[in-house]
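Here's the structure we're looking at; comments come further down.
Bear in mind that the values in this text are calculations on the coordinates, not laboratory data. What you see is a predicted model; the values in this text were computed from it and never measured. Cβ atoms come from the backbone with ideal geometry, glycine included; neighbour counts cover every protein chain shown.
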Amino acid sequence: MAEGAGDSAGGGDPEVQRLRRLFRFFAATQCRGRSPVYEALSEGVAGDDELLDLLMSAPGEQRRPSLLLAAVNLLLASNPGSALAGYYPIHGGRRPVDGRLMPAFAAFCAEHRAELGRLLRTRSTQTNEIRRCVALRLGLDHVHRRWPGPVALVEAGASAGLNLLLDRYRYRIGGQEASPEDAAPVTITCEVRGGIPAEGILGPVPEITCRRGIDQHPVNVADPGARAWLEAFIWPEQVGDLAVLRGAIDLAVSAATVTVAPGDATTDTARLLEELPGNEPVVVFTASLLSYLTPDARTAFAAQLRQAAAHRPVAWVFAEAPGLVATTDHLIAPDGPLARRNSLYLVGATLRDADRRDDALLALADPYLRWLALAREKTDDFQWLPANAG
Ligand SMILES: C[S@@+](CC[C@H](N)C(=O)[O-])C[C@H]1O[C@@H](n2cnc3c(N)ncnc32)[C@H](O)[C@@H]1O
């Protein structure tokens, strides 16, 4: 299992080779500059055939670096004295990344291989990033300017539904407070880039008549096991993010107003919207959903929104990789420069009723909404934002 063991070993199994490339890509594009521990581990796993083989126990569509890292993280929570936990600040570790990290990871995986295999076979990737409420609020502001009045809110791919509690959180955007009056002590922070003053970026949250989520694997945060699994997707250095997630979960458990129904967004969204009471516009929010869908499924999801808009006004507010947005509904040019900036998320809104459609790009942002750059016009291609902005 030596590190660097191999680009040729793992056989020529194309799936193992794909995972190897995926871990290297993940290290370079997601972890570098954000998580020294996950960057080192992802590079290490890419060169370790036994660990790649361990991830092969997961169903094909679930084989992602984050699944293996979360499974290990979950077990670390009950093994805080292990050598590996010593590198994870979220488990009280203080040791900087060094040459013993990867051997500690490999040893931990070997010791817990059976349990890890079980988790990888049966669990799916689950994250719920409430910073993305900033994207939702930008979208709601935009919708409210076009369609003043109350809206119904649906999140497709809602996970635990924590984004549906958007008006219960405090916001600090570019250092400015923009909180609803009765917000709970869970604070979402987001930096503003692009030289636009942060003041007034978020307007008041419009009246929301009902809130529904739909997810293929909804997370019931009242279940301690499901909660622990969601928390396992927090990265080793993100001590503050873990506290925010725990605060949001506590809020969701005590509020008990959020329901996330099991269902497939690509086949069940139109029906869900038809069953909603009232006739006010519906805002359908997606954040980090499209990357889970095949190209055909993305097209099917766009068709669901079009179908629903024949009956009542529907706005799709999204925070998604631009290249994937480009494949849904010609919202941006698939061959344009924006469609290639897939290490960032595009925030935008498409408003539709029976006979009109209005598209607007609102911001380009870090995928976890740690920062955003507001669009300067509704068809902005963000060429003014430096390529290394992420
Ligand atoms: C990365 S999580 C994002 C969760 C939440 N939107 C957020 O931003 O924190 C993606 C979610 O999409 C769900 N999902 C994936 N494919 C789906 C589908 N076809 N229909 C409904 N949900 C799906 C997953 O189960 C997961 O909960």
Q: With springs connecting C-alpha atoms under 10 Å apart, model the chain as a Gaussian network and identify which of Ile208, Ile130, Ile234 has the largest mean-square fluctuation.
A: Ile208
Q: For the range 62-171, just run the numbers: alpha carbon Rg, then divide by 2.2 N^0.38 Å, N being how many residues it has.
A: 1.50
Q. Among Ile332, Val239, Val347, whose Cα sits farthest toward the positive end of the charge dipole of the chain (+1 at Cβ of Lys/Arg, -1 at Cβ of Asp/Glu, about the Cα centre)?
A. Val239
(Q) Under a crude label model (7 Å from the Cα following the beta-carbon direction), how far is Ala77 from Arg100 in nanometres? (A) 2.7
Q: Taking the Cβ of each residue in Glu50, Glu320, Glu155, Glu177 as the centre, tally the other Cβ atoms inside 10 Å and list the residues starting with the fewest.
A: Glu177, Glu50, Glu320, Glu155
Q: Please work out whether the range 14-122 counts as rounded, prolate or oblate from its C-alpha gyration tensor, where a ≥ b ≥ c are the square roots of the eigenvalues and a/c under 1.5 means rounded, while otherwise a/b larger than b/c means prolate and anything else oblate?
A: oblate
Q.
Just to confirm a number: summing +1 for Lys and Arg and -1 for Asp and Glu over residues other than Val244 whose beta-carbon lies under 13 angstrom from that of Val244, what do you get?
A. +3
Q | For the range 154-167, 3J(HN,Hα) per residue [Karplus equation, 6.51 cos²θ - 1.76 cosθ + 1.60, θ = phi - 60°, Hz, x = Gly/Pro] | A | 10, 10, 9, x, 8, 6, 8, x, 5, 5, 6, 9, 3, 8
Q. Taking the mean number of other Cβ atoms within 10 Å as a proxy for protection, how do you rank 158-170, 21-33 from highest to lowest?
A. 158-170, 21-33
Q) In percent, what relative contact order does the range 14-122 have, based on Cα pairs under 8 Å that are 6 or more apart in sequence? A) 27
Q.
Among Arg306, Arg94, Arg352, which one shows the highest mean-square fluctuation when the chain is modelled as a Gaussian network with alpha-carbon springs under 10 Å?
A. Arg94
Q. How large, in Å, is the chain by the Kirkwood hydrodynamic radius built from its alpha-carbon pairs?
A. 21.8
**Q.** Segments 110-120, 83-93 sorted - mean Cβ within 10 Å per residue, highest first
**A.** 83-93, 110-120
Q: Give me the orientation-averaged projected area of the Cα convex hull of the range 162-224, in nm², one decimal.
A: 6.3
